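S.K.: Here it is, the structure, as structure tokens.
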Ligand SMILES: Cc1cc2nc3c(=O)[nH]c(=O)nc-3n(C[C@H](O)[C@H](O)[C@H](O)COP(=O)(O)O)c2cc1C
């Protein structure tokens, strides 16, 4: 059983809440894992060329191209993204858009696999986690857990956090805010968040080892998608 972790954060791993949570989930699975960071990578969104229709292989050549085999070979995914403007960061969105290549003509490359969605935001990671769940659903990947945490908004380190009227430090701590290290949000200081990441990892490992029937998961996800699309028309 192999699990592919993907961190969509633009930050170095020591500074990234997304990276830390994805890593924590992976560490608790008891499975073989690989963690890929999208930081510094150049990944375009889907260009709708339809070049992937015949063989389910994307023809755009960029930093996603060498990652395709790892996506295909993985039994499960732990995908994490930062909250940018109440949705996924652009590179995370682009990465998942390109999973369009797997969806044609009953290409079942990803069908029935399992996923954990991780989101981190300056306030909340709920939006990206929900978005990842929806992307997973389009490929009939079941989201077995969502993990969300609060990370450090750039306003804590931009140099103007104590005086900027529209920055998060003032919004969260009031006009007299004095920024100290202990007030800067970090997922590792949030025990319930770290616990939920560890729990998600354990659950993912158990699901993969015990009762993972891709066909059943696929049928369940197809049903779920029909309901989801039915509600939106
Ligand atoms: C361009 C940009 C837009 C952002 N928009 C939001 C937002 O709408 N809501 C929010 O909660 N945080 C927002 N943030 C803050 C990030 O989500 C936060 O810094 C988070 O910790 C990033 O995750 P990372 O540390 O793993 O990179 C934004 C940050 C950037 C750089």
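The values are calculated or read from the model by the stated rules, or taken from the named source; none is laboratory data. For clarity, every value in this text was computed on a predicted model and none was experimentally measured. Cβ atoms come from the backbone with ideal geometry, glycine included; neighbour counts cover every protein chain shown.
S.K.: Restrict the check to segment 6-23 and report whether at least one residue is under 24 Å from residue 130 (Cβ atoms) and away from the ligand (no atom under 16 Å from the Cβ).
M.R.: The answer is no; no qualifying residue exists.
S.K.: Another one. Looking at segment 177-225 only, could you name the residues that are exposed (fewer than 12 other Cβ atoms within 10 Å of the Cβ) and free of Cβ contacts under 8 Å to residues at least 12 places away in the same chain?
M.R.: Let us first name the residues in segment 177-225 that are exposed (fewer than 12 other Cβ atoms within 10 Å of the Cβ), namely 178, 180-182, 191-192, 210-211, 213, 215, 223.
The answer is 180, 181, 182, 191, 192, 210, 211, 223.
S.K.: Restricting the search to segment 103-126, which residues are more than 14 Å from the ligand (Cβ to nearest atom), touching a residue at least 60 places away in the same chain (Cβ under 8 Å) and part of a strand (DSSP E or B)?
M.R.: Within segment 103-126, 114, 116 qualify.
S.K.: Report, by residue number, each residue of segment 85-102 that is out of contact with any helix residue (DSSP H, G or I) (no Cβ under 7 Å at 6 or more places or on another chain) and outside any helix (DSSP H, G or I).
M.R.: 85, 89
S.K.: Spot the failing condition for residue 139; the list is (1) outside the structural domain of residue 84 (by TED's automatic domain parsing); (2) buried (at least 19 other Cβ atoms within 10 Å of the Cβ), and only one is missed.
M.R.: (1)
S.K.: Given the condition surrounded by 16 or more Cβ atoms within 10 Å (Cβ to Cβ), within 16 Å of the ligand (Cβ to nearest atom), assigned by TED's automatic domain parsing to the domain that holds residue 91 and at pLDDT 95 or above, answer yes or no: does some residue in segment 50-59 qualify?
M.R.: No, because not a single residue in segment 50-59 is surrounded by 16 or more Cβ atoms within 10 Å (Cβ to Cβ), within 16 Å of the ligand (Cβ to nearest atom), assigned by TED's automatic domain parsing to the domain that holds residue 91 and at pLDDT 95 or above.
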